[in-house]
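The values are calculated or read from the model by the stated rules, or taken from the named source; none is laboratory data. Since we're looking at a predicted model, the values are computed, not measured. Because the Cβ atoms are built from the backbone with ideal geometry, glycine has one as well, and the counts that use them run over all protein chains shown.
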Amino acid sequence: MNKDFLFFHKPFISEEEVNEIVDTVRSGWLSMGPKTIRFEEAFNSYIGCKKSIAVSSWTAAGHLTLEAYGIRPGDEVIVPTMTFPATAEIVCYFAAKPVIVDVDEDTLNISLKEIERAITPKTKAIIPVHYGGQPCDMDEIHDIANKHNIKVIEDAAHSLPATYKGKKVGTISDVTCFSFYATKTLSTGEGGMICTNDEEIAERCSIMRLHGINRDAWKRYTESGSWYYEVVAPGYKYNFTDLQASLGLPQLKKVDLMWQSRRDIAARYTQALKDNEFLTLHTVKGDRESSWHLFPIRLKLERLKINRAQLIDEMRKLNIGAGVHFMPVHQHVYYTQTYKLDDKDYPVASSVFPKLVSLPIYPGMKEEHVDRVINVLVDLLTKYKK
Ligand SMILES: Cc1ncc(COP(=O)(O)O)c(C=O)c1O
């Protein structure tokens, strides 16, 4: 491995996580157990919602939430095209239809106008995605949802922590789902959390995450548990584990510190790149705070002799990892073919996507790393200008 290579992402793991993992392994309790419960409680009080249910991924969290809301074949759920396909795929699990809509030019968050246009009598829910960590226009989304009696499930895979008009993401809608995947702002390798203020949804999700076994299924092998259990519905194997919680508990303690670090990196990038003639930055709205999970830039391709793929390749040769978030869902072959989708109905996502590059942004990056990214990028853009 090339030690000078700056990875696109590296989780921020310290001795605390290592010690906690060792402690769990030595304890002999490897699956869901007391540390998972502690993690849920700590997460719940950090976010400030009524219930937090830890699960195996965001995808599991979203699936369980739609199940709890009773989504059925033929129902429709509105999702933005600028997301990871999981946001749409969970709708397909029910033979329901993901209605994929375009995003706003300035933030790449779901377009209010497109939500309104997509609503039909079959619409049951909207899943707004806080792209890169910046919250969507939640007040307006709730106004639309309330008017049509539609549920709002926030895809907060990118937005721990983030705030909207002073409220923490996780407290705004009835259900918010987080991801703890390896590249996310709090990482347990894989993992997710359902945050809700609705007791019934919480109850259903916690039963269904572990085979549909009624209450405290995980306790059946403990001293206080009972061997007897009842399955009340055919559930899923979506539980979190104490091994994952061993990463989650120490990570949660430093979640604000990690955020501060990403904010500093974002500010340094912004200062250095805001006037660059070969790219533009995303709009940051004043009434909300991003988690800064991503730092996306948009290339002015008309001013360059290379395309996005070539630029990322050149950056890689100069030891800088970069990413792309995301190929719009409507362009993935399954969705294009199944729902007969066309770029012309997604003018914003289709035109912005070829220009998008995500720069590295994570707490382990030192100022000299950030400056190295800036210098390499600026030099390449100058080298390949038209
Ligand atoms: C916006 C968004 N939603 C959902 C997911 C799925 O998360 P998970 O991998 O935890 O299932 C991701 C993961 O990359 C994501 O970026």
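Residues checked against (1) at pLDDT below 95; (2) of a type in the set (A, V, I, L, M); (3) in the same structural domain as N44 (by TED's automatic domain parsing):
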site	(1), (2), (3)
G248	no, no, yes
D264	no, no, no
W292	no, no, no
F295	no, no, no
E302	no, no, no
V329	no, yes, no
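Identify all residues within the range 87-97 that are touching a residue at least 60 places away in the same chain (Cβ under 8 Å), surrounded by 23 or more Cβ atoms within 10 Å (Cβ to Cβ) and not polar (S, T, N, Q); write none if there are none.
So the first thing to find is which residues in the range 87-97 are touching a residue at least 60 places away in the same chain (Cβ under 8 Å), and the list is 87-88, 97.
Next cut, surrounded by 23 or more Cβ atoms within 10 Å (Cβ to Cβ) only: 87-88.
Passing the criteria: only A88.
Go through the residues of the range 209-232 one by one and say whether even a single one is away from the ligand (no atom under 13 Å from the Cβ), of a type in the set (S, T, Y) and buried (at least 21 other Cβ atoms within 10 Å of the Cβ).
Keep residues of the range 209-232 that are away from the ligand (no atom under 13 Å from the Cβ), which gives 209-232.
Filter again for of a type in the set (S, T, Y), leaving 221-222, 224, 226, 228-229.
Still in the running and buried (at least 21 other Cβ atoms within 10 Å of the Cβ): none.
Within the range 209-232, none of the residues are away from the ligand (no atom under 13 Å from the Cβ), of a type in the set (S, T, Y) and buried (at least 21 other Cβ atoms within 10 Å of the Cβ).
Look at the range 330-347 and say how many of its residues are surrounded by 14 or more Cβ atoms within 10 Å (Cβ to Cβ) and in a loop (DSSP other than H, G, I, E, B).
Result for the range 330-347: 3.
Return the total of residues in the range 37-65 being of a type in the set (A, V, I, L, M) and buried (at least 23 other Cβ atoms within 10 Å of the Cβ).
The qualifying residues number 6.
Select, from V352, V357, the only residue that is part of a helix (DSSP H, G or I), touching a strand residue (DSSP E or B) at 6+ places or on another chain (Cβ under 7 Å) and surrounded by 14 or more Cβ atoms within 10 Å (Cβ to Cβ).
Working: V357 fails: part of a helix (DSSP H, G or I).
One residue alone meets the criteria, V352.
Could you pull out the residue among T81, T36, T87, T59 that is among the polar types (S, T, N, Q) and within 22 Å of N149 (Cβ to Cβ)?
T87
Could you give me the residue pairs with C-beta distances under 6 Å whose first residue belongs to the range 129-153 and is not assigned by TED's automatic domain parsing to the domain that holds G286, whose second residue is away from the ligand (no atom under 16 Å from the Cβ) and not hydrophobic (A, V, I, L, M, F, W, C) wherever it lies, and which are 6+ apart or on separate chains?
Here the result reads P135/Y164; P135/R288; M138/Y164; I150/T123; K151/Y69, each pair linking the range 129-153 to a residue that is away from the ligand (no atom under 16 Å from the Cβ) and not hydrophobic (A, V, I, L, M, F, W, C).
Just checking: which of the helices (runs of 4 or more DSSP H) contained wholly in the range 7-90 hold 2 or more residues that are under 20 Å from the mean Cα position of the chain (by Cα) and among the β-branched types (V, I, T)? Full working, then the answer.
Details: elements: 15-27, 34-47, 58-68.
The qualifying helices (runs of 4 or more DSSP H) are 58-68.
If I filter the range 262-306 down to residues being part of a loop (DSSP other than H, G, I, E, B) and of a type in the set (K, R), which single residue comes out as nearest to S350 (Cα to Cα)?
So the residue we want is K300.
For the range 190-205, state whether one or more residues are without any contact (Cβ under 8 Å) to a residue 60 or more places away in the chain and within 15 Å of the ligand (Cβ to nearest atom).
Looking for residues that are without any contact (Cβ under 8 Å) to a residue 60 or more places away in the chain and within 15 Å of the ligand (Cβ to nearest atom), one finds none in the range 190-205, hence no.
Output the qualifying pairs, or none if there are none: Cβ atoms under 7 angstrom, residues six or more apart or on different chains, first residue in the range 218-243 and in contact (Cβ under 8 Å) with a residue 40 or more places away in the chain, second residue basic (K, R) and buried (at least 16 other Cβ atoms within 10 Å of the Cβ).
Correct list of pairs: Y236/R209; Y238/R209; N239/R209; D242/K35.
Every residue in the range 118-171 that is closer than 16 Å to V79 by Cα, assigned to a loop (DSSP other than H, G, I, E, B) and within 16 Å of the ligand (Cβ to nearest atom), please.
Matches in the range 118-171: I127, P128, H130, P135, C136, A156, A157, H158.
Can you confirm whether K219 is of a type in the set (K, R) and not in a loop (DSSP other than H, G, I, E, B)? Working first, answer last.
Values: of a type in the set (K, R): yes; not in a loop (DSSP other than H, G, I, E, B): yes.
In short, yes.
Scan the range 174-183 for residues that are outside any strand (DSSP E or B) and surrounded by 24 or more Cβ atoms within 10 Å (Cβ to Cβ) and jot them down.
Residue satisfying the conditions is F180 alone.
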